[in-house]
Amino acid sequence: MRTKILVVDDDPDLLLLLRVTLASEDFQCLLAKNGQDAVDEAHLEHPDLILLDIMMPVMNGWEVLQRITGADSVGPAAPVIVVSAKASEVDIARALELGAVDYIVKPFDPDVLLACIAAVVERTPEELDRRRTERLAAISARAR
């Protein structure tokens, strides 16, 4: 069965690039152009992985993360990789604290994104959580 990835971004050019890139690797790609569409699509389609932008209309990525990974989410949450132009460690830490398993800064190399996706898909939820915790600890240590 093909891995189903929900791509959430308000940039139509980036959505097209990611759809083509993911399809070339035989991933099934679902698209959402804003945060509300992302939440609706995630609950309807139950993707295996979500690529999520932060700065979007209707509902931003922070709100999406809270709804998808938070206590009020419906069913088990799909792992989320944030793909955003927000590059500060504060933003990266916030995403990880809200439940994202990784963070890619735009602009990005598609090969780096594909490697990140492969790493997430191959890991167990426990391994993803351990890696997320380790990354948060490293960011915290640098902030001191």
Bin width 5 Å, alpha-carbon pairs only: give the P(r) of region 1-126 as whole percents, running from 0 to the bin holding the largest distance.
2, 11, 24, 27, 22, 11, 2, 0
Chymotrypsin sites (Phe, Trp or Tyr not before Pro) restricted to DSSP loop in region 1-108 with at most 15 other C-beta within 10 Å
Phe108
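Here, each number is a calculation from the coordinates, and none is a lab measurement. Predicted model only: the values in this text are computed from it and were never measured. Here the Cβ is made from the backbone with ideal geometry for all residues, glycine too, and neighbour counts use every protein chain on show.
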